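Encoded as structure tokens, the structure appears first; notes follow it.
The values are calculated or read from the model by the stated rules, or taken from the named source; none is laboratory data. Model, not experiment: these values are computed from the prediction. Methodologically, a virtual Cβ is constructed for each residue, glycine included, from the backbone with ideal geometry; neighbour enumeration extends over all protein chains shown.
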Amino acid sequence: MDIKEELFKLQDEKFGDFNSRIIPGVDRKKVIGVKTLELKKLAKIILREYDDCMVF
């Protein structure tokens, strides 16, 4: 799984526009715009796939 590719699949343009306006000094091109709920879902999938590498 390519995590960056998955993040861009979850991209919300309007949310990215909003976030780039409230974060001073950050260029809009650097903001993907993924909502927290979607990030949590993706994190669970990643954790399931890579559960053996999460040992600290």
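Of all residue pairs spaced 6 or more apart or on separate chains, those with beta-carbon atoms under 6 Å, a first member in the stretch 38-49 that is more than 14 Å from Met1 (Cα to Cα) and a second member that is of a type outside the set (Lys, Arg) are Glu38/Leu10.
Condition (residue is assigned to a helix (DSSP H, G or I) and at pLDDT 95 or above) applied to the stretch 26-37: is it met by at least one residue?
yes
When Ile3, Ile45 are checked against the criterion of being among the β-branched types (Val, Ile, Thr) and in contact with a Leu (Cβ under 9 Å, 6 or more places away or on another chain), Ile3 stands alone in meeting it.
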